[in-house]
Amino acid sequence: MTPRPLTITGGKLVLPEGEPRAGAIRCEDGRIVAVGDVTPHDGDEVIDARGLLVAPGLVDLGVFAIDKPAFHFGGITRAALMPDQGPPLDHPARVRFAAQSGKPDLWVHPLAAATQRLEGVELAELALMRDAGARAVATGRRWIGDSGVMLRLLRYCAMLGLTVVSHAEDAGLAGHAVATAGEMATRMGLPSAPAEAEQLAVARDIALAELAGAALHFRQVTTTGSIALVRAAKARGARITAGVTPAHFMLSDLELADFRTFARMSPPLRSEADRQAVIAGIADGSIDVIASGHDPRGPEDKRLPFADAEPGMAGAETLLPLTLTLVRDGHISMARAFALIAGNPAALLGVEAGRLAVGAEADIALIDPVRPWIVNSDKMAASAGNTPFDRRPVEGRVTKLFKGGARVG
């Protein structure tokens, strides 16, 4: 059933440019039809935003599980699902099923497995998976070590018009490391790998992407060297984009003290200098996307010795408030924050969402940017509350959420 036309008045619109400004927004047939100086029509459902931010629904690029209550709590209306599922998204029927799985109140955009069974050897049926609803192609949790396979993948995806999403970590160097080589890893006796494991992977993938003329997105760039490589490639005009999760701009490897397994990440937490480099990369445009990396893990995966615990965190509920810390600290503007968590990921996936503009889909969040709350892993909406931000006070909460102009949260 098509929802009634919706007009949201009295809010501050988060537009692609400039500071949030007073205005209204009207939606009809699931699309935004007017933005700015808008008068409700007879029969509209009218909502007074009471001075709250009126922002695009978040587009979360690269989640490992569909966790609708957590996504709606966090203001996420679209999520790009990584192919690391059981079984992997390496077949058109699985992609088609995943693409339908969240509708109507959450749209899932599957990322097709780059290779069969995500083994990094034989290319999967990428064209058929694109036709089944895949919005990009991903290497999964692992890097494709064979440069010949990676080049064939990039060339094929360039022909298909699909972006390749790469996990940049040279497995030959990273091995079974659970920490970044440095003082903390040494002091705690943890298996570690040099930060260059990421940098080498980024350098090779950029070289191959330029050779193939392909669009390449690094799901996470977390080191000073990697960000410098991405910055230089962009300056040359290469079709390179990069992302990061809040863990790598909020936390450093100092969090590993006391062997806290909620701080076990992939890639692992880096040095304080790398953390600052990530913030600089977000501020100067080298990094295009902030994603949650949502990967809920129960106690059976986390309550283990640090080296045996599974990496990952439940990130959907904290993506918005942690990104807003960058605004409060003066690193980025509010418009840039929503480009990172909505506009840019939507553009990468080729969907008409992620921004408040006439013609875009009416995925809208009403947000109180200063509402304080405390992250509590025991009370999260996620299927498992494995977060390194447990007990941390944050600000910023979604109060209402609309998908295609219909209220969902």
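The values are calculated or read from the model by the stated rules, or taken from the named source; none is laboratory data. Model, not experiment: these values are computed from the prediction. Neighbour counts run over all protein chains shown; Cβ positions are idealised from the backbone, glycine included.
What do you reckon, is A257 surrounded by fewer than 20 Cβ atoms within 10 Å (Cβ to Cβ) and within 27 Å of P299 (Cα to Cα)?
The answer is yes for A257.
Among the numbered criteria (1) of a type in the set (F, W, Y); (2) under 23 Å from R219 (Cα atoms); (3) part of a strand (DSSP E or B), which one does W373 miss?
(2)
Here is a check on your reading of the model: is R142 within 30 Å of D308 (Cβ to Cβ) and surrounded by fewer than 23 Cβ atoms within 10 Å (Cβ to Cβ)?
Yes: the conditions hold for R142.
Looking at the range 364-409, which of its residues are touching a Pro at 6+ places or on another chain (Cβ under 6 Å) and either buried (at least 23 other Cβ atoms within 10 Å of the Cβ) or of a type in the set (S, T, Y) (or both)?
Those that are touching a Pro at 6+ places or on another chain (Cβ under 6 Å) and either buried (at least 23 other Cβ atoms within 10 Å of the Cβ) or of a type in the set (S, T, Y) (or both): A382, S383, G396, G405.
Do we have H91 as surrounded by 15 or more Cβ atoms within 10 Å (Cβ to Cβ), over 22 Å from D105 (Cα atoms) and of a type outside the set (G, A, S) here?
Considered against the rule, which asks whether it is surrounded by 15 or more Cβ atoms within 10 Å (Cβ to Cβ), over 22 Å from D105 (Cα atoms) and of a type outside the set (G, A, S), H91 comes out as yes.
Look at the range 268-316 and say how many of its residues are within 30 Å of A238 (Cβ to Cβ) and not acidic (D, E).
Matching residues across the range 268-316 total 26.
Could you give me the residue pairs with C-beta distances under 6 Å whose first residue belongs to the range 129-153 and is touching a residue at least 24 places away in the same chain (Cβ under 8 Å), whose second residue is assigned to a strand (DSSP E or B) and of a type in the set (G, A, S) wherever it lies, and which are 6+ apart or on separate chains?
M129/A112; A134/A112; V137/A112; T139/S166
A353 - would you say it is under 13 Å from the mean Cα position of the chain (by Cα), crowded, with 23+ Cβ neighbours inside 10 Å and in contact (Cβ under 8 Å) with a residue 40 or more places away in the chain?
In short, no.
Among the candidates A80, A93, A49, single out the residue that is more than 24 Å from L319 (Cβ to Cβ) and at pLDDT 95 or above.
Result: A93 is the single residue among A80, A93, A49 that is more than 24 Å from L319 (Cβ to Cβ) and at pLDDT 95 or above.
I'd like the residue in the range 229-260 that is without any contact (Cβ under 8 Å) to a residue 12 or more places away in the chain and in a helix (DSSP H, G or I) and, out of all such residues, is farthest from N344 (Cα to Cα).
Checked the range 229-260; the qualifying residue farthest from N344 (Cα to Cα) is D258.
Counting just the residues of the range 276-296 that are surrounded by 24 or more Cβ atoms within 10 Å (Cβ to Cβ) and at pLDDT below 95, which one comes out nearest to the chain's Cα centre (by Cα)?
G293
Identify all residues within the range 180-223 that are surrounded by fewer than 19 Cβ atoms within 10 Å (Cβ to Cβ) and either of a type in the set (S, T, Y) or closer than 13 Å to V164 by Cα (or both); write none if there are none.
T186, E210, G213
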